[in-house]
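Comments concern the structure below.
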Amino acid sequence: MGLIGWLAAFIVFIGIEIPTMALTTIWFAGGALVGLLLYLLGASLEVQLVAFVIVSFALLALTRPMALRYINQKTKKTNVEGLVGKQARVTENVDNAAGTGAAVLEGQEWTARAFKDGLIIPPGTMVRVEEIRGVKLMVMPEQEDLVC
């Protein structure tokens, strides 16, 4: 591939990575550097290409999960997924069989349903959001002794 080819590959992979910051092409830039190093050491094109592929995929497989953990460490959940696990206060009797229920979560009133069928949760009960289905909070009482 030659000096120019490996440098161009390295620049292209870095050039794609910089605006996206998705950790997708940076590993191939590392492989291109190994290919360049092998070219400078006089290795054949086949050896350079095999090393490029092996190093690129090894970097991807071994370091990407760790890198994502550190990069996403301070990522804040947004929108709906950030509401799961939070507390809400029931404002209308939650009864799946009757199709009733409402709760206030962070100042917003939501339709609420019991996470487990058969539970009836009275108004005033503090509940935990287990998941969100559509526009409904699926909730469980904070204290088990309040389960009716």
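Just a few scattered comments:
- Exactly one residue out of Ala9, Ala29, Ala43 is under 21 Å from Leu62 (Cα atoms) and modelled with pLDDT of 90 or more: that is Ala29.
- Of all the numbered requirements in (1) touching a helix residue (DSSP H, G or I) at 6+ places or on another chain (Cβ under 8 Å); (2) among the hydrophobic types (A, V, I, L, M, F, W, C); (3) in a helix (DSSP H, G or I), Ala43 misses one, and that requirement is (3).
- Long-range neighbours under 8 Å by Cβ, at least six apart or interchain, first residue acidic (Asp, Glu) within the range 1-21, second open to solvent by 50 Å² or more (accessible area, probe 1.4 Å) and assigned to a helix (DSSP H, G or I): Glu17/Ile26
Residues are listed down the side, and each one gets a yes or a no for (1) at pLDDT 90 or above; (2) within 21 Å of Leu33 (Cβ to Cβ); (3) assigned to a helix (DSSP H, G or I):
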{"residue": "Val47", "(1), (2), (3)": "yes, yes, yes"}
{"residue": "Ala51", "(1), (2), (3)": "yes, yes, yes"}
{"residue": "Ser56", "(1), (2), (3)": "yes, yes, yes"}
{"residue": "Leu62", "(1), (2), (3)": "no, yes, yes"}
{"residue": "Pro65", "(1), (2), (3)": "no, no, yes"}
{"residue": "Arg69", "(1), (2), (3)": "no, no, yes"}
{"residue": "Gln73", "(1), (2), (3)": "no, no, yes"}
{"residue": "Lys76", "(1), (2), (3)": "no, no, no"}
{"residue": "Glu81", "(1), (2), (3)": "no, no, yes"}
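- Output for the range 90-140, where each listed residue is part of a strand (DSSP E or B) and open to solvent by 70 Å² or more (accessible area, probe 1.4 Å): Glu92, Gln108, Glu109, Met126, Arg128, Arg133, Lys136
The values are calculated or read from the model by the stated rules, or taken from the named source; none is laboratory data. This structure is a prediction, so every number in the text was calculated from the model and none was measured. Cβ atoms come from the backbone with ideal geometry, glycine included; neighbour counts cover every protein chain shown. All accessible areas refer to the heavy atoms of the entire protein, side chains included, with ligands and DNA or RNA removed. Shrake-Rupley method; radii C 1.70, N 1.55, O 1.52, S 1.80 Å.
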